[in-house]
Amino acid sequence: MISRRDVAKLGASLLLAPAGVRAARGAAVPWWKRAVAYEIYPRSFQDGNGDGIGDFRGMAARVDHLADLGVDAVWVAACFDSPNADNGYDVRDYRRIMPDFGTMADFDLFLSRARARGIHVILDMVFNHTSDEHEWFVRSRQSRDDPYRDFYIWRDGRDGGPPTDWQAAFGGPAWQFDARTGQYYLHTFVAKQPDLNWENPQVRAALYDILRFWAAKGVSGFRFDAITSLAKPSAMRDLTPAQRAGSGAFAEIGPRLEGYLHDMYTHVFAGTDLYTVGEAWGAPHAAIAAMTDDRRGGLNSAFRFDLQLQDIRGWRKTPWRLEAMRAFNADNAFDDDPHVWPLVYLEDHDFPRAVSRYGSARPEFRERSAMLLATMLLSLKGTPFIYQGQEIGMANYPFTAIDQYRDVAAHQGWRDEVLSGRVPAATYLANLAQSSRDNARTPMQWDGSAHAGFTTGVPWLAVNPDHVRVNVAAQQGVAGSVLSFYRRMIALRRARSCLATGRYQDVSPEGRQGDVDRPGGRTGGLYAYLRRDEAGAALVVLNFSDAAARYALPDGMAAERVLIGNLPHPAAAVGGVLVLRPWESVIYAVRPG
Ligand code: GLC
Ligand code: CA
């Protein structure tokens with residue numbers, strides 16, 4: 001615990017902070033622009049002691065898998081001490097490893113093994129809120145004049161109810177009444193996740209100290225959780241009708257948020273090569289550009305949600321469209337702005353599996369559609385993030401009943417929507433099976449044994465029954481497997497600078513691309529784009545469809561040779577026309593016209 005005097009000292013130093021942004025990072029490309037990153041969800045990656053929960057000993061034992069895959073960085077999802085109201089996204093102590101995941105010595109072992117294999121470790125910083133069991137909150141709720149009172153956001157009620165009509169992200173009011181002091185506190189997520197007050201310089205100083213603590217241990221960067229919720233509205237008013245109809249979000253995305261990020265940058269990151277990435281729900285293009293513009297000093301990159309929210313809103317699942325994916329990818333290239341560096345991902349611990357969502361449900365096309373998605377992910381502009389299990393094509397779990405879920409959001413929705421009588425149980429469950437975060441959280445499938453090699457005990461969340469076929473051991477060293485393809489694709493991206501840092505240009509055929517619906521991929525579309533830099537050019541051609549498709553090369557372009565394909569014997573361009581089989585993906589070295 002920091003002393004009050006330390007807090008005061010750090011608070012004062014904030015006022016003296018240099019105002020300007022530090023000058024350029026020099027000519028060299030920063031490590032994270034060339035990197036391929038991989039997210040580990042520790043609870044589900046590898047159990048090392050048989051209690052059914054993944055841990056750092058288990059992760060340390062699997063570093064070779066990551067090194068063989070060829071990734072440069074690992075983002076470890078929330079792993080600090082927590083009562084687990086939201087699987088670690090409710091932190092009780094930011095300087096302590098979650099006991100479920102082991103000890104600090106276990107963490108150090110994982111870190112040193114990763115670093116020895118040249119893998120950077122990125123930690124998840126949940127700084128929008130803490131657990132209600134965090135010492136700061138325990139103090140804060142004790143009395144209205146406790147020195148920690150202002151670490152959180154406390155307000156008087158209004159007419160016997162909460163101060164405003166704001167809704168929490170997983171449902172229900174965003175205010176919780178606390179009888180002891182007769183006021184409400186704000187929580188963007190569940191009531192066990194009270195929001196920190198970023199307006200308070202002492203809060204920021206305390207958080208920066210935590211970053212310095214982990215940086216000193218040798219981690220290489222941070223992913224900042226729920227970054228767009230940090231800046232609360234300056235006026236505590238009810239939602240506007242537009243806000244109510246939309247996401248219901250009440251935080252401000254704009255100058256105040258940018259101010260916080262800049263403050264953090266100047267105090268912690270300026271002059272370092274630490275990588276910073278924000279989780280930016282609800283932030284539109286311009287806001288992302290502003291937060292990550294390297295002339296301003298904020299974050300290096302951000303996870304965007306525009307594409308993810310196309311077909312998933314809370315528990316609701318609707319069809320997705322290839323057109324929307326193309327539009328997003330173009331938008332996410334930021335017009336090749338040299339000052340903005342994108343991030344690309346299809347999966348993380350908050351969304352269902354990409355192969356079930358964007359690929360083909362037909363068994364004969366499942367693997368190749370997983371490889372097609374790998375082709376896209378690893379040939380787009382920006383730092384790609386692979387999510388654990390994506391590299392073997394893990395799919396959604398066949399959920400049928402509410403008691404199969406562990407996710408707090410799934411159960412909150414069940415209470416708010418189904419038990420209240422608003423939505424029929426069957427509708428909710430059918431949607432949830434395709435939208436739930438638990439699809440991504442089932443244990444990693446290492447082999448075909450009883451619990452997929454994840455644990456010798458009882459897994460905390462059921463293993464997907466398809467693990468008997470879909471697992472690392474079955475794909476290891478097998479030519480044509482999804483895993484081998486990921487390795488080759490990562491190596492290709494490393495070998496061809498244009499795939500990582502080159503300019504992006506969509507060269508898809510004119511006209512309607514068609515809807516790719518789930519399940520079954522009724523109709524599809526052909527998607528093609530060009531990546532190029534001074535060293536060369538590559539054409540990426542993706543057939544998102546259960547049917548064959550033709551693609552005519554743009555005028556004057558010559559496809560010189562195949563760099564990679566997800567099926568044996570990819571098509572050569574005959575008379576400038578390519579014919580792609582269902583779900584085929586090919587990257588050609590080309591001479592642009
Ligand atoms: C982020 C996390 C998610 C968590 C939420 C609240 O969205 O990725 O898992 O529930 O923040 O911390
Ligand atoms: Ca364990």
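The values are calculated or read from the model by the stated rules, or taken from the named source; none is laboratory data. A quick note: this is a predicted structure, and the numbers were derived from the prediction, not measured. Cβ atoms come from the backbone with ideal geometry, glycine included; neighbour counts cover every protein chain shown.
When 474, 452, 426 are checked against the criterion of being surrounded by 14 or more Cβ atoms within 10 Å (Cβ to Cβ), without any contact (Cβ under 8 Å) to a residue 60 or more places away in the chain, part of a helix (DSSP H, G or I) and more than 16 Å from ligand 1 (Cβ to nearest atom), 474 stands alone in meeting it.
Hey, does region 33-42 have a residue that's crowded, with 22+ Cβ neighbours inside 10 Å, within 13 Å of ligand 2 (Cβ to nearest atom), at pLDDT 95 or above and more than 24 Å from residue 267 (Cα to Cα)? Yes, region 33-42 contains at least one residue that is crowded, with 22+ Cβ neighbours inside 10 Å, within 13 Å of ligand 2 (Cβ to nearest atom), at pLDDT 95 or above and more than 24 Å from residue 267 (Cα to Cα). Examine region 282-299 for a residue that is in contact with a helix residue (DSSP H, G or I) (Cβ under 8 Å, 6 or more places away or on another chain), modelled with pLDDT of 95 or more and hydroxyl-bearing (Ser, Thr, Tyr), and state whether such a residue exists. No - not one qualifying residue is present in region 282-299. Among the residues of region 59-76, which ones are in contact with a strand residue (DSSP E or B) (Cβ under 7 Å, 6 or more places away or on another chain), in a helix (DSSP H, G or I) and β-branched (Val, Ile, Thr)? The answer is none; no residue qualifies.
Restricting attention to region 401-413 and to residues that are farther than 16 Å from residue 86 by Cα and part of a helix (DSSP H, G or I), the residue that is farthest from ligand 2 (Cβ to nearest atom) turns out to be 402.
Just for region 77-111: of the residues that are in a strand (DSSP E or B) and more than 21 Å from residue 220 (Cβ to Cβ), which one is nearest to ligand 2 (Cβ to nearest atom)? Applying the filter and picking the extreme gives 81.
Within region 194-204, at least one residue is at pLDDT 95 or above and either within 16 Å of ligand 2 (Cβ to nearest atom) or of a type in the set (Val, Ile, Thr) (or both).
Evaluating residue 361 against the criteria (1) within 19 Å of the chain's Cα centre (by Cα); (2) surrounded by fewer than 22 Cβ atoms within 10 Å (Cβ to Cβ) leaves one unmet condition, (1). Reported count of residues in region 190-206, each being polar (S, T, N, Q) and in contact (Cβ under 8 Å) with a residue 60 or more places away in the chain, is 2.
Here residue 171 qualifies as at pLDDT below 95 and either within 16 Å of ligand 2 (Cβ to nearest atom) or outside any strand (DSSP E or B) (or both).
Each row is one residue, and each column tells you yes or no for (1) surrounded by fewer than 22 Cβ atoms within 10 Å (Cβ to Cβ); (2) modelled with pLDDT under 95; (3) in contact with a Ser or Thr (Cβ under 8 Å, 6 or more places away or on another chain).
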residue	(1), (2), (3)
489	no, no, yes
499	no, no, yes
505	yes, no, no
517	yes, yes, yes
522	yes, yes, no
532	yes, no, no
548	yes, yes, no
560	yes, yes, no
588	no, no, no
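Residue count for region 24-48 under the criterion of being away from ligand 1 (no atom under 16 Å from the Cβ) and either without any contact (Cβ under 8 Å) to a residue 40 or more places away in the chain or of a type in the set (Gly, Ala, Ser) (or both): the result is 6. Restricting attention to region 457-471 and to residues that are within 16 Å of ligand 2 (Cβ to nearest atom) and either under 24 Å from the mean Cα position of the chain (by Cα) or surrounded by 15 or more Cβ atoms within 10 Å (Cβ to Cβ) (or both), the residue that is nearest to residue 366 (Cα to Cα) turns out to be 463. When residue 498 is tested against (1) out of contact with any Asp or Glu (no Cβ under 6 Å at 6 or more places or on another chain); (2) under 29 Å from residue 564 (Cβ atoms); (3) not aliphatic (A, V, I, L, M), exactly one condition is not met: (1). Among the residues of region 338-359, the ones that are aliphatic (A, V, I, L, M) and within 16 Å of ligand 1 (Cβ to nearest atom) come to 2 in all.
The lone criterion from (1) among the polar types (S, T, N, Q); (2) closer than 21 Å to residue 51 by Cβ; (3) surrounded by fewer than 22 Cβ atoms within 10 Å (Cβ to Cβ) left unmet by residue 143 is number (2).
For region 391-406, a residue qualifies if it is free of Cβ contacts under 8 Å to residues at least 40 places away in the same chain and either within 27 Å of residue 483 (Cβ to Cβ) or β-branched (Val, Ile, Thr) (or both), and the qualifying residues are 400, 402. Comparison of 334, 385 shows that the only residue that is farther than 28 Å from residue 171 by Cα and within 16 Å of ligand 1 (Cβ to nearest atom) is 385.
Of all residues in region 379-398, one or more are of a type outside the set (Phe, Trp, Tyr), farther than 30 Å from residue 341 by Cα and in a loop (DSSP other than H, G, I, E, B).
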